[in-house]
Amino acid sequence: METVSSPVHSKILILDFGSQYTQVIARRIRELQVYSEVVRFDISAPEIKQLQPNGIILSGGPASVYDKGAPQIDKEIFWLGIPVLGICYGLMQMAHHLGGEVVFTGKREYGAGTLQISDGSQLFDGLGNQLDVWNSHGDEVTALPKGFLTAGRTESSNFAAVEDRERKLYGLQFHPEVAHTPRGKEILQNFVYHICRCAMDWTMSSFIEEACDRVRQQVSDEKVVLGLSGGVDSSVTAALLHKAIGDQLSCIFVNNGLLRAREEEIVQRVFGENFHVCLKYVDASERFLALLKGVTDPETKRKLIGNEFIKVFQEATEELLEEDRRNGERKLAAASPSVGGHGGYKFLAQGTLYPDVIESVSIEGNPAQVIKSHHNVGGLPEKMHFELVEPVRQLFKDEVRQVGLQLGLPKEIVYRQPFPGPGLAVRIVGEVTPERLSILREADTIVQSEMEASDWYYKVWQSFAVLLPVQSVGVMGDQRTYENTIALRIVESQDGMTADWVRIPYELLARISNRICNEVKGINRVVFDISSKPPSTIEWE
Ligand code: XMP
């Protein structure tokens with residue numbers, strides 16, 4: 001188990017029983033400006049006691065309490081004197097282990113319901129006597145444990161909300177964390193503020209101060225290197241580290257020749273000129289393009305690009321070190337070449353986020369168990385024996401964005417869409433050539449500018465062009481053409497694990513298509529990708 005808590009904050013611990021909504025609960029609590037942390041369901045009562053949370057939430061989960069191997073809570077947790085809110089399977093755990101009766105109904109109940117609230121529950125303070133709620137559960141409580149009473153009922157259950165006021169134990173059969181329970185946030189507020197007595201002390205300004213202190217403590221006067229990609233996570237990491245340790249941070253930005261138009265300009269302007277970050281720009285485009293010549297297999301492309309990146313990064317670090325030596329500024333390299341894994345650079349900074357840190361609970365039937373196929377720049381730490389600095393590993397993406405804004409990063413960086421490490425290479429189906437890259441860049445620029453102009457850019461997860469190795473017949477003026485095809489991919493997603501295509505207005509699609517066909521030489525057809533993930537993926541390769 002890994003916890004990344006700080007003892008100074010109010011804190012809610014979320015025990016993960018494998019629900020697809022566990023992270024949603026954690027985000028909802030943080031939106032209330034209270035720090036929340038996800039831990040595995042099998043954390044012991046003494047471990048919890050040590051972490052000193054103000055309250056505990058038990059997530060839902062796909063299992064039935066009677067399943068063989070179903071996740072079971074350490075029931076001593078209910079006797080710690082810490083308020084507990086059990087949601088769905090969390091409620092079943094509570095009822096099951098405290099002497100109530102839970103039956104397995106044999107089918108899951110999904111959908112909307114109406115909760116009739118009984119008088120006097122603190123959980124529903126200020127919410128009137130009726131609530132729309134959203135259910136998704138298999139087991140059902142049929143008899144309450146001693147000390148519990150009903151706090152709300154639905155059409156199908158007398159025990160849709162229950163509580164033991166004395167011990168501050170609460171259970172909900174429905175999901176307050178999802179949008180389909182419109183006033184769920186107020187229920188969580190009541191639990192967090194009034195029952196657990198948490199303070200609203202999780203703010204991004206306090207995070208920035210604390211994160212800077214932590215970094216200074218960790219790295220002391222050593223040097224840190226960071227692979228800056230221009231994406232949100234590495235950019236915010238760079239800005240935060242720069243604030244914390246100034247010139248002890250060096251960033252390396254590699255142009256692999258597979259970037260979007262003007263990308264290298266933007267990064268150099270923002271970080272070099274505005275922030276005065278120590279930035280090493282490496283133009284390795286020719287190396288990458290030479291390597292990709294004749295390669296059409298997607299996995300081979302990815303591997304070649306990934307391995308070459310490591311080499312380029314290693315070389316760039318050595319060059320940085322050489323420059324430092326020549327400048328005679330830094331004492332470390334010459335004095336103790338054995339320090340750290342790579343001469344003078346003892347630390348490698350990474351923009352790891354909280355969702356990558358949470359250990360996922362593996363329970364059959366858990367839709368959250370989709371395999372994640374891509375990671376940050378792979379292989380660097382293992383190969384170069386760096387120690388890691390990961391200053392934003394406590395944060396969710398929306399929090400990282402807030403930190404970026406507070407540190408003064410421009411909106412074009414903070415709200416940019418994700419862009420894959422192998423870049424445009426995985427958006428060119430077939431061989432990557434300079435000509436095809438140039439066609440794709442032009443089309444991509446049109447997509448991006450039209451999406452921005454219509455305000456759709458910031459509403460979707462990703463919007464981009466893909467160049468297909470398909471030629472088709474067209475007509476331009478009186479001329480027959482036989483040119484390439486661009487596929488337009490516009491998707492919405494929470495985290496890239498699942499996605500759906502966006503129902504974008506026809507007028508916008510028409511404008512993008514017209515402009516691409518008219519302005520991009522070599523394209524005479526644009527198609528719109530209407531596949532969701534799964535079964536498709538977001539990128540085409
Ligand atoms: P797929 O295509 O697997 O993509 O549905 C899911 C999300 O991940 C991004 N992606 C990558 N990100 N390195 C990255 O940093 C990669 O190699 C990579 N491949 C895909 C993709 O853009 C989408 O947001």
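The values are calculated or read from the model by the stated rules, or taken from the named source; none is laboratory data. Computed from a predicted structure; not experimentally measured. Backbone-built Cβ (ideal geometry, glycine too); neighbour counts: all protein chains shown. These accessible areas exclude ligands, DNA and RNA; they are computed on the full protein's heavy atoms, side chains included. Shrake-Rupley method; radii C 1.70, N 1.55, O 1.52, S 1.80 Å.
Here is how the numbers come out for the structure above:
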| read-out | value |
| --- | --- |
| Most positive-pole-ward Cα, 87, 182, 496, against dipole of the chain from beta carbon charges | 496 |
| Over 20 Å (Cα to Cα) - which of 11/146; 223/280; 303/346; 146/168; 223/397; 243/280 fall in this group | 11/146; 303/346; 223/397 |
| Degrees between helix 397-406 axis and first principal axis of the chain (Cα, 0 to 90, nearest 10) | 60 degrees |
| Around residue 253: net Lys/Arg minus Asp/Glu count, Cβ-Cβ under 10 Å | -2 |
| For residue 276, solvent-accessible area (1.4 Å; no DNA, RNA or ligand), Å² | 130 Å² |
| Among 463, 157, 228 - extreme Cα towards positive end, dipole of the chain, charges at beta-carbon | 463 |
| Region 428-528: antiparallel DSSP beta bridges as a percent of all, rounded to 5 | 70 percent |
| Anchor residue 301: lysines whose Cα lies under 18 Å away (excluding residues fewer than 8 positions away in-chain) | 293, 311 |
| Order by protection proxy (mean Cβ within 10 Å, highest first), peptides 36-49, 131-144, 521-534 | 131-144, 36-49, 521-534 |
| Global form of region 1-128, assessed from the alpha-carbon gyration tensor, a/c cut-off 1.5 | oblate |
| Distance in nm between pseudo-label sites at residue 435 and residue 528 (7 Å out along the Cβ direction from Cα) | 3.1 nm |
| Cut-off 14 Å, label 7 Å out along Cα→Cβ of residue 132, residues of region 174-202 by amide N | 178-185 |
| Label point distance in nm, residue 405-residue 47, each placed 7 Å from Cα along Cα→Cβ | 3.6 nm |
| Karplus-derived 3J(HN,Hα), 6.51/-1.76/1.60, for each residue of region 298-310, Hz, glycine and proline x | x, 5, 4, 4, 4, 5, 4, 5, x, 5, 5, 4, 4 |
| C-alpha center-to-center spacing [region 172-201, region 406-454] in angstrom | 39 Å |
| Alpha-carbon centroids, region 239-300 and region 462-523: separation in whole Å | 27 Å |
| Difference of contour (0.36 nm per residue) and Cα-Cα distance, residue 454 to residue 273 | 62.2 nm |
| Over region 428-528 - Rg/Rh using Cα atoms and the Kirkwood inverse-distance radius | 0.98 |
| For the chain: rounded, prolate or oblate by the Cα gyration tensor [a/c cutoff 1.5] | oblate |
| Rounded to 10°, Cα long-axis angle of helix 22-31 versus longest principal axis of the chain | 90 degrees |
| Per-peptide average of other Cβ atoms within 10 Å, ordering 417-428, 502-513, 394-405 highest first | 417-428, 394-405, 502-513 |
| Paramagnetic reach from residue 155 in region 67-110 [backbone N under 18 Å; point 7 Å along Cα→Cβ] | 107-110 |
| Whole-number percent relative contact order across the chain, with pairs defined as alpha carbons under 8 Å at least 6 apart | 11 percent |
| Unit charges on C-beta of K, R, D, E only; dipole of region 428-528, Debye | 220 debye |
| Accessible surface, the chain, averaged per residue in Å² (probe 1.4 Å) | 44 Å² |
| Helix 434-453 axis, angle to the chain major axis (alpha carbon atoms, nearest 10°) | 50 degrees |
| Positive-end extreme of charge dipole, the chain - chosen from 417, 524, 15 (charges on Cβ) | 524 |
| Fraction of antiparallel bridges per DSSP, the chain only, in percent to nearest 5 | 50 percent |
| Within the accessible area of region 487-541 (1.4 Å probe), percent carbon and sulfur | 53 percent |
| Rounded to the nearest 20 debye, dipole of the chain from Cβ charges on Lys, Arg, Asp, Glu | 160 debye |
| Spacing of the two label points (7 Å from each Cα toward its C-beta) at residue 110 and residue 318, in nm | 5.6 nm |
